[in-house]
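Every number here is computed from the coordinates shown, using simple stated rules; none is lab data. What you see is a predicted model, and the numbers here were worked out from it, not measured in a lab. Methodologically, a virtual Cβ is constructed for each residue, glycine included, from the backbone with ideal geometry; neighbour enumeration extends over all protein chains shown.
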Amino acid sequence: MKSIIGFFLFGLALVVGHFFTLQMAPSVIMTKAISAMGDRGIPVHKFVLSKRVTPETQSIIRSSPDLAYSICLFDLSNGPVLVRGTRWDGYASLTIFDSVTDAVYIISLDTTDGGSSGSVLLTTDSELQPKDHPTATLKKPKGIALIRRLAPTPALYEKAKALSASDSCDVLSNS
Amino acid sequence: MMKLVFKYILFVGLGSAVGVLSALWMSGLIGGQRPKLAATVTSDNWTADWAIGAKGATPYMRAFVARYGLLALPKTEAVYFVRSVDDDGDQLTNKCIYRVNGKAQMAMWWSITLYNDKGYLAAGFDNAYSIDQTTLGDGAWSVEVRPNRQNDKDVWLSSANAGAFELMLRVYKPATALLGAPEKNLNPPSIKRLSCEGGKP
């Protein structure tokens with residue numbers, strides 16, 4: 001009887017440990033990534049264009065040297081955040097990654113899709129449904145907004161750099 | 001009694017340790033292998049996993065992607081094919097020169113990038129890390145992968161300092177037909193080994 005209880009406890013702990021680890025892995029990895037980006041000087045609520053991806057600058061595995069990446073770290077603890085990306089002549093997209101690495105929202109920023117910019121309001125309040133912007137409701141407050149723009153040459157990267165200054169990622173004061 | 005309690009605590013500790021380690025191993029977080037339960041798509045040795053970025057991905061795949069493909073896009077936006085062997089099935093290496101032949105993809109934009117076996121750009125001297133649709137156009141194309149530039153006009157991929165390497169084919173905004181039948185509608189580039197330093201590797 002005692003050994004049956006022992007094996008039962010072993011099996012139970014194995015299953016709990018196994019699935020708890022799997023459940024926690026993405027959020028632990030995302031928390032580390034956000035922290036590492038913060039350590040590299042990326043502020044919260046401001047888009048920063050990453051340096052052109054080269055062997056010397058590459059920090060994220062398998063990132064593309066053909067794309068210009070603009071990153072904003074957001075935190076919805078102090079209210080909704082409006083993310084806006086300026087459109088680009090070529091492939092471009094804005095993706096919202098939540099605290100467990102899921103891509104929860106994607107919009108195209110190609111100029112062919114019309115308008116001068118694309119935007120999304122990020123919130124943890126599922127009842128907030130503004131008319132002005134599409135909304136993405138997140139379960140937890142922290143995450144990453146990432147804009148990709150096709151810029152395979154140094155000249156196009158410089159053009160993307162100039163354009164990226166007009167991207168925004170701001171806490172809404174009155175919503 | 002104390003001895004029995006200690007014994008049970010030991011069982012729980014051992015069970016937890018085995019559970020944690022097995023989860024890390026099965027999801028590729030230790031050992032580096034891809035999860036066995038992944039939704040793999042293969043075409044001529046180009047392998048992709050279309051569970052990447054999908055909310056329905058298995059917890060093993062989600063953990064793997066969080067570690068090795070952080071901030072990757074779901075398949076409706078982009079698919080990522082990787083190949084690490086030539087047409088004869090041998091590991092790609094910077095000791096050899098290869099010719100890669102391909103065609104345009106059914107997509108808005110596509111590219112081929114050379115990474116070392118850790119997923120990082122090789123520290124070459126030549127900036128030839130990647131080639132893409134804006135350079136190769138919309139028809140058939142052919143480039144060499146080699147450790148050194150042959151002439152200034154070449155469109156090529158540099159394997160300088162890469163060691164064992166892999167090529168990644170990125171396909172952005174893939175056509176619905178490609179997503180529906182990749183084995184039929186992907187144009188998988190071939191990789192022919194031309195020569196090797198000191199013969200076959």
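Which of the aspartates and glutamates could a cross-linker bridge to B:Lys184, judged by Cα under 19 Å and excluding same-chain residues fewer than eight apart?
B:Asp44, B:Asp49, B:Asp87, B:Asp138
What distance in nm separates the two pseudo spin-label positions at A:Ser77 and A:Ser59, each 7 Å out from Cα along the beta-carbon direction?
The two pseudo-label positions are separated by 2.1 nm.
Give, as a single signed number, the net charge of other residues whose beta carbon lies under 15 Å from the beta carbon of B:Met1, with Lys and Arg counted +1 and Asp and Glu -1.
Result for the neighbourhood of B:Met1: +3.
Any chance you could tell me what percent of the C-alpha pair distances in the protein assembly as shown go past 30 Å?
On the way: 31934 of 70500 pairs.
That fraction is 45 percent.
Order B:17-30, B:67-80 from most to least packed using the mean count of other Cβ atoms within 10 Å.
B:67-80, B:17-30
From zero outward in steps of 10 Å, how is the percent of C-alpha pairs of chain A spread across the bins?
Going out from 0 Å in 10 Å bins, chain A shows 9, 33, 30, 14, 7, 5, 2, 0 percent.
Could you check the simple spin-label distance between B:Met1 and A:Thr135, using points 7 Å along Cα→Cβ, in nm with one decimal?
Using points 7 Å along Cα→Cβ, the separation is 5.8 nm.
By how many degrees, 0 to 90 and rounded to 10, does the Cα axis of helix B:59-68 deviate from the longest principal axis of chain B?
Taking the Cα atoms of chain B, the angle to B:59-68 is about 50 degrees.
Other chains near A:64-73: what is the mean number of their Cβ atoms within 10 Å of each residue's Cβ?
Average neighbour count from other chains, rounded to a whole number: 4.
At R0 = 41 Å, how high is the FRET efficiency between A:Ser117 and B:Leu14 if r is their beta carbon distance? Nearest 0.05 is fine.
Numbers: r = 56 Å, r/R0 = 1.36.
About 0.15, to the nearest 0.05.
Distance check, please: which entries in B:Lys103/B:Lys192; B:Lys95/B:Lys118; A:Lys46/B:Lys118; A:Lys46/A:Lys142; B:Lys75/B:Lys103 exceed 24 angstrom between their Cα atoms?
On the way: B:Lys103/B:Lys192 15 Å; B:Lys95/B:Lys118 18 Å; A:Lys46/B:Lys118 31 Å; A:Lys46/A:Lys142 14 Å; B:Lys75/B:Lys103 21 Å.
Exceeds cut-off: A:Lys46/B:Lys118.
On a 0 to 90° scale, report how tilted helix A:2-39 is relative to the longest principal axis of chain A, with both axes built from alpha carbons and the result rounded to the nearest 10.
20
For the range B:116-158, what class follows from the C-alpha gyration tensor (a ≥ b ≥ c being the square roots of its eigenvalues): rounded when a/c is under 1.5, otherwise prolate if a/b is larger than b/c, else oblate?
It is oblate, given that a/c is not under 1.5 and a/b is not larger than b/c.
Round to the nearest 10 and give me the degree value, 0 to 90, for the angle of helix A:154-164's Cα axis relative to the longest principal axis of chain A.
80
Expressed as a whole number of Å, what is the distance separating the alpha-carbon centroids of the range A:27-68 and the range B:119-159?
25
Any chance you could run the full-extension gain for B:Ala160 through B:Ile30? It's 0.36 nm times the residue separation minus the Cα-Cα distance, nm to one decimal.
44.0 nm
Starting with the fewest neighbours, write out A:Arg40, B:Arg99, B:Arg62 ranked by other beta-carbon atoms found within 10 Å of each beta-carbon.
Sorted ascending by nearby Cβ count, the order is A:Arg40, B:Arg99, B:Arg62.
Neighbouring Cβ atoms within 10 Å as the yardstick, rank A:Met24, B:Met2 fewest first. Mind showing how you got there, number by number?
Numbers: A:Met24 15, B:Met2 6.
Lowest count first: B:Met2, A:Met24.
In the structure shown, do any of A:Lys140/A:Lys161; A:Lys2/B:Lys3; A:Lys32/B:Lys173 have a Cα-Cα gap over 20 Å, and if so which?
Distance filter (> 20 Å) returns A:Lys140/A:Lys161; A:Lys32/B:Lys173.
Give me the Å³ per residue figure for the convex hull around the C-alpha atoms of the range B:95-140.
Working: hull volume 4.9 nm³, N = 46.
Per-residue hull volume (Cα only) is 106 Å³.
Just grab the label-to-label distance for B:Asp44 and A:Ser27, each label 7 Å out from Cα along the Cβ direction, in nm (one decimal).
Between B:Asp44 and A:Ser27, the label points sit 4.5 nm apart.
Which shape class, rounded, prolate or oblate, goes with the range A:15-105 when its Cα gyration tensor gives a ≥ b ≥ c as root eigenvalues, a/c under 1.5 marks rounded, and past that a/b bigger than b/c marks prolate?
prolate
Run lengths n ≥ 4 of DSSP H only: what is the helix-derived mean residue ellipticity at 222 nm for the protein assembly as shown, with -39500 (n - 2.57) per run over all residues, to the nearest 500?
So the calculated ellipticity at 222 nm is -8500 deg cm²/dmol.
What translational D, rounded to a whole number of µm²/s, comes out for the range B:78-201 from Stokes-Einstein when the hydrodynamic radius is the Kirkwood one over Cα pairs, at 25 °C and 0.890 mPa s?
On the way: Rh = 14.7 Å.
D, rounded to a whole number, is 166 µm²/s.
Which residue fluctuates most in the GNM of chain A (Cα springs below 10 Å): A:Lys140, A:Lys131, A:Lys161?
A:Lys131
How big is the shadow of the Cα convex hull of the range A:103-175, averaged over all directions, in nm²? Walk me through the numbers on the way to the answer.
Details: hull surface 24.7 nm².
Directional mean of the projected Cα hull area for the range A:103-175 stands at 6.2 nm².
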